[in-house]
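Comments concern the structure below.
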Amino acid sequence: MGKTYDIVALGELLVDFTPAGISENGMLLFERNPGGAPVNMLTAAAKSGAKTAFIGKVGKDMHGLFLKDMTEGAGIDTSSLVLSEDAFTTLAFVELSNSGERNFSFARKPGADTRLAYKEIKEELLADTKVFHIGSLSLTDDPSRTTTFQAVRTAKALGAVISYDPNYRAPLWENRETAMERMRSMVQYVDIMKLSDEETGLLTPYTEPKEAAEYLLQKGVLLAAVTMGKNGVLVASGKGCEIVPAFQSKVVDTTGAGDSFWGAFVNRMLQMEEAPNEISMKQWRECALYGNAVASLCIERRGGMPSIPDAEEVEKRFRGMCVEAS
């Protein structure tokens, strides 16, 4: 019997307040955008045709209700999104450099996303998905940390492919050493994984993308993708290792770029209808090219979820990339 969902993700759903100009009084203005790496990932997958669902917790407040509406509007099932009476929705304030790079400040002490308990999860959802995706922000605090590990173990036992994107945010961790220990502890359960070239030293003993990817494969990961910004993405599996070039675009805001890449990548993988250990490097390259097409469009706009392009726009750029690569 087939599974209802292509991808189910668990983790943070929050508001990104991104810079939106200067007021008449000379004060910085912020725009409220829906965000959170797992939901950004699901949005990209949903816009590429995947059936998706999200597991998480927000406050029963103006921001939480806004996020619920926006997530549903992106085509993501929110039947397992919990509205908390006791904790406020997590807020992230984003500072952008002239090159579009970001610096974060969080209001999360505690945020509702860290309060998710396993008893609030519908186990049938874990049994009814092809891919179960998580990040690392749910590992910062209990009960969400214990809940995440229990959900991953359950989903894996029920046959889901486990997807992992560490998405390191230093201000949310007690210290770097704790972050490294907890983020690495998830790797043993992972089948496919994305990390950035800035995170290789956190997840492995190596900083070089190729060495880091090979280390992850030795630990049991079937596919490791290391994103390297304008230098593309290194893709490694038991079938080989290669760098897939990025598409050149004008950077406005990099928020959601890695998440959108991974959502599109994973959905393309599912369309192969093969187990990860059976997919060829040629097929992995196609997944990476498609993900790069999505990310290249995403960074040309501001915001996380709102910047993620529709399928028709992606296909146009993807076809152009394939022609250039041939």
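No other residue among 26, 2, 49, 21 is within 30 Å of residue 155 (Cβ to Cβ), without any contact (Cβ under 8 Å) to a residue 24 or more places away in the chain and surrounded by fewer than 19 Cβ atoms within 10 Å (Cβ to Cβ) apart from 2.
Okay, residues lined up against (1) over 16 Å from the mean Cα position of the chain (by Cα); (2) within 26 Å of residue 129 (Cα to Cα):
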residue: 245; (1), (2): yes, no
residue: 261; (1), (2): no, yes
residue: 266; (1), (2): no, yes
residue: 270; (1), (2): yes, yes
residue: 276; (1), (2): yes, yes
residue: 281; (1), (2): yes, yes
residue: 290; (1), (2): no, yes
residue: 296; (1), (2): no, no
residue: 299; (1), (2): no, no
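Within the set 212, 179, 151, the sole residue that is without any contact (Cβ under 8 Å) to a residue 24 or more places away in the chain, of a type outside the set (Phe, Trp, Tyr) and assigned to a helix (DSSP H, G or I) turns out to be 212. Among the residues of the stretch 42-66, those identified as touching a strand residue (DSSP E or B) at 6+ places or on another chain (Cβ under 6 Å), under 22 Å from residue 111 (Cβ atoms) and in a helix (DSSP H, G or I) are 42, 63, 64. Residue by residue through the stretch 54-63, note down the ones that are surrounded by fewer than 24 Cβ atoms within 10 Å (Cβ to Cβ) and in contact (Cβ under 8 Å) with a residue 40 or more places away in the chain. Those that are surrounded by fewer than 24 Cβ atoms within 10 Å (Cβ to Cβ) and in contact (Cβ under 8 Å) with a residue 40 or more places away in the chain: 59, 63.
It is to be established whether one or more residues within the stretch 234-244 are surrounded by fewer than 18 Cβ atoms within 10 Å (Cβ to Cβ), within 18 Å of residue 259 (Cα to Cα) and in contact (Cβ under 8 Å) with a residue 12 or more places away in the chain. No.
Being more than 26 Å from residue 5 (Cβ to Cβ) and outside any strand (DSSP E or B) is the filter here; which residues of the stretch 67-96 pass it?
Filtering the stretch 67-96 down to residues more than 26 Å from residue 5 (Cβ to Cβ) leaves 85-88, 91-96.
Those that are more than 26 Å from residue 5 (Cβ to Cβ) and outside any strand (DSSP E or B): 85, 86, 87.
Bear in mind these aren't lab numbers, they're just calculated from the coordinates by the rules spelled out. None of the values given here were measured: they were computed from a predicted structure. FYI the Cβ positions are ideal-geometry reconstructions off the backbone, even for glycines, and counts take in every protein chain you see.
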